[in-house]
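First up is the structure itself, then whatever we jot down about it.
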């Protein structure tokens, strides 16, 4: 039964933060969780920087290190590194890859941002995507090797160096690379020395096939709302880089399966998803943590705060005071205190030592300073190094 507006549960901002911390394994580690379970609880883990993804996942587990996350990706393949929401690199649970591919393949496609002379025609894109799938079916190729295979299967036009990229130019075909990933034809393979390789997820997951779009989209909405709810169709659309109107229609079609809530300080109605009926690890139910007060000091790695903040409203409450000026506009590693951004941090590694610099934006109490010491020690454990802590200004820019 759909919950009517008059019956909507009301949540304070503190309750929303408590729920988010608990669900994301930031109040305490997710009991019994492995790396794939953590990525599932986060609705995918951003992995543009693998070192950040390794730290972010291990922080949410009890006693894990980066080696455990690497084994999940490159050894047992319970995590797949591929292109996920917004076409960005993510770690996705292998068991959920059919859902993700089915849903992402069904999203409305935006217009190409590339100029005439660079942009491929739709039929050319399809040729490239088919060529990528064919080339990687039984192989693990570097980007240069994959370029040769794609050009051989399509034509010289695919290899034209027309796409500005960093300090050089990329071949034309690469504008469809992320599309091959979200269709389940490409994922990352093991590194070959310092070179990245790509392969087919079917080499890791025999019998892999995309889930039917309607069921897959329902699953992704529920996964998103468990990780980031309460939230809105508009926020969901932004997270997926999809049209807001399309997202509103999708939420409307699922309204009977969702719970409407009202959040302190937010005019728009918000939505939550029911919990999974069964789980191999202990994830708190939203109602169980609704009355809790958010507590804890955490050091989140690069990109992790994006995962934590999606759906949180309004940003001024998540980035109070100086945080809105110092942290909000850049991709920094952040100090999280009681579920709010309270500073930033940076680490510099030298052999087996890590120098951690933390810049709090407000004085830390004795208890919070002790909790920060514990968190720095945990970061050192995860990164398999001996950490030292300096309280001072972080002088590097975002994503440094």
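For this structure, a couple of remarks:
- Arranged from fewest to most other beta-carbon atoms within 10 Å of their beta carbon, 370, 111 become 111, 370.
- Spatial separation of Cα centroids for segment 19-48 and segment 154-173, in angstrom: 38 Å
- Share, in percent, of DSSP beta bridges within the chain that are antiparallel, nearest 5: 80 percent
- Rounded to 5, the percent of DSSP beta bridges in segment 297-391 classed as antiparallel: 75 percent
- Approximating the spin labels as points 7 Å out from Cα along Cα→Cβ, the residue 65-to-residue 244 distance works out to 4.8 nm.
- Projected label points at residue 348 and residue 152, each 7 Å from Cα along the beta carbon direction, are separated by 4.7 nanometres.
- Modelled spin-label separation between residue 384 and residue 143, with each label point placed 7 Å from Cα along the Cα-to-Cβ direction: 2.7 nm.
- Net lengthening on full extension, residue 328/residue 391 (0.36 nm per residue, minus Cα-Cα): 20.6 nm
- Computed over the chain, the per-residue total of -39500 (n - 2.57) for DSSP H runs of n ≥ 4 gives a 222 nm mean residue ellipticity of -10000 deg cm²/dmol, rounded to 500.
- In the chain, the alpha-carbon atoms span a convex hull of 153 Å³ per residue.
- Stretching the chain fully between residue 374 and residue 194 yields a gain of 61.4 nm (0.36 nm per residue, less the alpha carbon separation).
- Amide N of segment 153-167 lying under 18 Å from the label point, which is placed 7 angstrom from the Cα of residue 109 along Cα→Cβ: 154-155, 158-159
- Within the listed set 266, 379, 358, the residue fluctuating most in the Gaussian network model of the chain (springs between alpha-carbon atoms under 10 angstrom) is 266.
- Counting neighbouring Cβ atoms within 10 Å and putting the fewest first, the residues 109, 235 line up as 109, 235.
- Neighbour-count order for 373, 37, 292, fewest beta carbons within 10 angstrom listed first: 373, 292, 37
- Rounded FRET efficiency, nearest 0.05, which uses the C-beta distance separating residue 262 from residue 169 and R0 of 60 Å: 0.70
- Among 263, 162, 327, residue whose mean-square fluctuation peaks in a GNM of the chain (springs only between Cα atoms under 10 Å): 162
All of the numbers you see were taken from the coordinates with simple rules; none came from a lab. Because the structure is a prediction, the values reported are computed rather than measured. Because the Cβ atoms are built from the backbone with ideal geometry, glycine has one as well, and the counts that use them run over all protein chains shown.
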